[in-house]
1. Please list the non-local residues whose amide H lies under 5 Å from the amide H of Q126, H modeled 1.01 Å from N, same-chain partners needing a gap of 5 or more.
2. Report the gain in length on full extension from V214 to D449: 0.36 nm times residue separation, minus Cα-Cα distance, nm rounded to one decimal.
3. Residues in segment 538-578 near a label at S631, defined as backbone nitrogen under 20 Å from the 7 Å Cα→Cβ point?
4. Going highest first, how would you order 279-289, 677-687 by mean Cβ packing within 10 Å?
5. With a cut-off of 14 Å, note down the residues of segment 275-297 whose backbone N falls inside the zone around a label point 7 Å from the Cα of N673 toward its beta carbon.
6. Describe numerically, in nm with one decimal, the distance between label points set 7 Å from Cα along Cα→Cβ at D284 and at M720.
7. Length gain on complete extension for the stretch A258 to Y641, per 0.36 nm per residue less the alpha carbon to alpha carbon distance?
8. With the contact rule set at Cα under 8 Å and sequence spacing of 6 or more, what percent relative contact order holds for the chain?
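No value in this document is a laboratory result; all are computed from the given coordinates. Model, not experiment: these values are computed from the prediction. Cβ: placed from backbone, ideal geometry, glycine included. Neighbour counts: every protein chain shown.
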Amino acid sequence: MRRLSLIVAAATVLSVTAVVFPLSAHAQATRYEAENASCDGTIDSNHSGHSGSGFCNTPNTTGTAVQFTVNVPTAGTATLGIRYANGASADRPADISVNGTAVQAGFGFASTGAWNSWATRTLTAQLDAGANTVRLAATTGGGLGNIDYLDVTTDGPQQGARQMEDLGRGVVAVRSGNSVLVSWRLLGLDPDGIGFNVYRSTGGGGEVQLNSSVLTGGTNFVDSSANLSQSNTYRVRPVVGGVEQAPSTPFTLSANHASEPAVRIPIRGGGTIQFVWVGDLTGDGEYDYVVDRQTSPQSIEAYTSSGDFLWEVDMGHNSTDQNNIEGGSSTIDVGHNDGVTVYDFDGDGRSEVAVRIANGVTFGDGQTFSHGNDTEQFIAFLDGETGALRDASMVPTDFISDGPMYARFAACHLDGAAPSLVAYMKNRIGNGGFNLMVSAWSFDGSNADMQWKWLRNGNHPDGHNSRCLDVDGDGSDEFAEIGFVLDGDGSLLYSLGGQGIIHGDRFHIADMDPSRPGLEGYGVQQDHPGGLREYYYDAATGQMLWQHTLPGTSDVGRGMVGDIDPRFAGMEAWSFDGLFNAPSNQLTEPNTSLRPWPQMGLWWDGDVLMELFNDGKIEEWDWNNPSPTNSLPRLVSTWNYGGVVGPRSQPGIIADIHGDWREEVVLPNGSYNELIVYTTDRPSDIRLYTLAHNPAYRNDMTVKGYMQSHHVDYFLGEGMAQPPRPNITYAG
C-alpha cells in the first residue's frame, strides 16, 4: 500500500483550489489554501507569514470548526500536518476527524509565541481513495488557532519500507571557549532542499534569529555572539518551499556553562554502570537512556533525555550469580552477554525494553514475576515509559538440562518492514563445549511470540558480538555471527566454517569497498591452528577475498575497519599485523608497528574520515606522520571531564544520539550518578541524514556483547557519493 502524506496548515477547507508543488524526488504535495475554503469564521490577513492571501480565523468558541476536502488517488495511511499560529499563551486543542470518524481527540496546538509565528503539527490517519473530509473542531472556549493551508503529499516511503523512529531534531548546544556550537538532525525522510533557521532566547527573553539566510549546508551553526553569562535556549525551524515549519524542541545551555564537549545527564546514584542503551521511551521524538547497575542483585534503570528518573527493574535473586559463562537465569551484561536491548518493537512510537528474565524479577510498576522453576527463562517486553511488563514468552527448553542460557539481543527487520528481536543464547555443556540457539521474537503491543528458532548442529563458528543487517541486498535483514549468517526466516544462509574460519573476538560488516557491489566482512581469529590472523570476505555469499596467515598461533583480540587514510580508496582494516587498505589488500604504512589501536571508531571532527576511540581517548590517525598506538594525535581525553570506561575499556555506548550525523560517546562519571554524553564541539559543512535513520546502523545500536563500531550500509569516507534516501517509514 502506498503511503500518503498530508501537511495541514491551520485552515478549514471544504472545496478549495489546489496547487501542486514538489517536496522531493519521492514526494509531491498539493496545497489547499485556507482562503479558498469554508471556515467557521473569517479569512484574515493581518498577521504576516501566512501563505497565499490569508488564513482562517475562527471565533473563540468551543466547537468552532475547520473542514477540508482532500482528494487522493489511492487509499492508505496519510500523515496529516496542520500548520497554524497561536499567539495566545494557552494551548488550543482540537478534535480531529476524518470522514466523520474521530482519529485524534484533544489534539494540542501549543502556543507559537506570536500570531505571526507559524508551526505545523502532524498525525496519521487512514484516507479513502477519492474525496475525504478532514475536520478540526475546537475543544475549549479559546477556539482554534489561525489556520493557513493544507498540503497533501501523494507519494512517500517506498513499498516495503521498514518502520523506524519518528525522531525530532535533537538540538544540542555545547560551549567551546566564547562560542557555542548548535547542532541538529537532518532526518531520513526530510525533503530535498530543506533548510533551517536557528533561534536563540537569552535569559528567558524573546527569540532572535541568528542566521541571516536559510542554512542549507551542514546541520550545525556556530553562535559567536551569545552572552554566556546568561542561559541561552536554542531551537531550529525547518524551512520547506520558503515556508518555516514547526519549531524543534528547545535545548538550553545554562548560564556560565563550562567550556566542554559534553552534555551532562543527572541520574540517581548507585552501582557500577557497564552498558547504556538509547530509545524514545516517552514518545517525544528524542532519545532517552536505559542503564544497567552491576550490583547484586542487578538492576536496570530508565531516564528521560534530560535525566528525569522513570523506573527501576530489580533483576532479583537469579541475578546474584554473575559468573561470566555459567551464571544466574536473570543475570545480564556479563562476559560477552547482555540480555537487554531497547527498540520500538510494536511501532507505537515509543520504545520497549526487551529483557531476558526469570523468577523473581520486579518490574518498574512494582509487580514481581513469579514462576516455579528458577532455571526456565522468558523473553519479556517492558513498557519503556513505566517499566511494567507488557508480555513475556518462555524461552525454548531444548538445552535446559545444561542450565540457564545467557543472551545477546539485537533488533532486526527480518521481513524488511516490522522489527523483531533476535536472541543469541548459549550455555555450556558440562565443562566442555557450548549449546547455541538463535531465536526471533515479535511483539505487537500485546503479545510476545517466537517467530523461529535455530539450533546449531555443525561447524558454524560464533564469536563475541553479533550484527543484524541486510547483507545480500534483498531488502530484509539477516543475523550475522563471525562465522555464519542466518536468513530472515531462520535458515542458514552460509557458514564460513567450511573455509577454515573458527571462533574469533571481533568482526565487521560494511561497505568497505565502494567500487565493489554490496558489503564486505572482516574478522579476526583466536588461536587459529593454521596461523590465520584476519580475513576479508563478501558479506552476501561468504566468498573469501583475502586472508593473512603468520607462523604459530595468536589470540587476535581486536580488529577494526574504517576509512582513516584518504590516499587509498575505501576502508582500512587492521588488527596487530599492520594497517591494510581492505579493497587492495595493501599496507598503507610499510612499518607494521605504526598503526592505531584497533578498538572502536567514531565520526567526530567534521570530515568524513573516521576518528578512533581507545581507552577513553578520542584520537585520529595521521597518515602523514604515522606513530605507534600509544601516541596518536588526541582530540579529547574523556577523563578530563570525569568519564570512566567499562570492561575492556569500552564506553556505555557510541552512537548518533543527538545533533547532526556525528556520533556521541556516553560514559558514566566515577560516582555513577551522571551520564556524560560527549558530543562534538567542531563545526562541519558535511550534510548527512542522521545515522540513526540508517537501517544497518540503527539495528547495531541495539547490540552490545564485546562492543564494536556501528556501520552504515553505504560507504562513508573520502570520495563518498551522496547516500541514497533510506527506505524507511516513521513509526507511530
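1. Here A78 satisfy the definition.
2. 79.7 nm
3. 576-578
4. Numbers: 279-289: 22.8, 677-687: 20.4.
Packing proxy ranking, top to bottom: 279-289, 677-687.
5. none
6. The modelled label-to-label distance comes out at 3.0 nm.
7. In short, 136.9 nm is gained.
8. Computed value for the chain: 11 percent relative contact order.
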